[in-house]
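A.B. asks: For reference, the structure I am asking about is given below.
The values are calculated or read from the model by the stated rules, or taken from the named source; none is laboratory data. As the structure is a computational prediction, the values presented were derived from the model and not from experiment. Methodologically, a virtual Cβ is constructed for each residue, glycine included, from the backbone with ideal geometry; neighbour enumeration extends over all protein chains shown. Note: areas computed on protein heavy atoms with side chains; ligands, DNA, RNA excluded. Shrake-Rupley method; radii C 1.70, N 1.55, O 1.52, S 1.80 Å.
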Amino acid sequence: MANSTQAKKRIRRNDRRALVNKARVSRIRTFIRKVEEAINNGDKTVAADALKTAQPEIMRGVTRGVMHKKTASRKVSRLAKRVKAIA
């Protein structure tokens with residue numbers, strides 16, 4: 001248990017930040033899910049549009065520190081590859 005006032009304050013702050021970060025990660029997952037659903041339906045135009053909106057959102061997660069840069073790049077790359085493969 002935290003003893004100092006500052007340590008207690010940091011715990012409160014960390015709890016608030018965790019909620020914000022959890023919401024950001026959830027939002028990113030939603031954008032990715034929309035792309036994957038469009039890919040599974042085989043609709044290339046919808047998948048391309050969904051990817052176009054998901055890509056900045058994923059990279060924003062990198063900027064905000066909820067996702068590593070290379071993880072985000074890998075996810076975007078794999079999604080783009082799958083969208084391109086739709087006949």
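A.B. asks: Look through the range 60-84, keep the residues that are β-branched (Val, Ile, Thr) and touching a helix residue (DSSP H, G or I) at 6+ places or on another chain (Cβ under 8 Å), and return whichever of them is farthest from ALA18 (Cα to Cα).
C.D. replies: Top of the filtered list is VAL83.
A.B. asks: Scan the range 6-37 residue by residue and report those that are in contact (Cβ under 8 Å) with a residue 24 or more places away in the chain, farther than 17 Å from ARG74 by Cα and open to solvent by less than 90 Å² (accessible area, probe 1.4 Å).
C.D. replies: Of everything in the range 6-37, those that are in contact (Cβ under 8 Å) with a residue 24 or more places away in the chain, farther than 17 Å from ARG74 by Cα and open to solvent by less than 90 Å² (accessible area, probe 1.4 Å) turn out to be ASN21, ARG24.
A.B. asks: Let me confirm something: among GLU37, GLU57, which residue is over 26 Å from ARG17 (Cβ atoms) and acidic (Asp, Glu)?
C.D. replies: Unique residue meeting the criteria: GLU37.
A.B. asks: Now a separate question. Quick one: ALA87 ticks every box in (1) over 30 Å from ALA18 (Cβ atoms); (2) out of contact with any helix residue (DSSP H, G or I) (no Cβ under 7 Å at 6 or more places or on another chain); (3) in a helix (DSSP H, G or I) bar one, so which box is it?
C.D. replies: Against the list (1) over 30 Å from ALA18 (Cβ atoms); (2) out of contact with any helix residue (DSSP H, G or I) (no Cβ under 7 Å at 6 or more places or on another chain); (3) in a helix (DSSP H, G or I), ALA87 comes up short only on (3).
A.B. asks: So, one more: Search the range 62-76 for residues that are in a helix (DSSP H, G or I) and pair each with any residue that is of a type in the set (D, E, K, R) when their beta-carbon atoms are under 7 Å apart and the residues are at least 6 apart or on different chains.
C.D. replies: The qualifying pairs are VAL62/LYS69; ARG64/ARG24.
A.B. asks: Still on this structure, please answer the following. Does the range 1-54 hold any residues that are among the acidic types (Asp, Glu) and assigned to a helix (DSSP H, G or I), and which are they?
C.D. replies: Once the filter is applied, which keeps residues that are among the acidic types (Asp, Glu) and assigned to a helix (DSSP H, G or I), the range 1-54 yields ASP15, GLU36, GLU37, ASP49.
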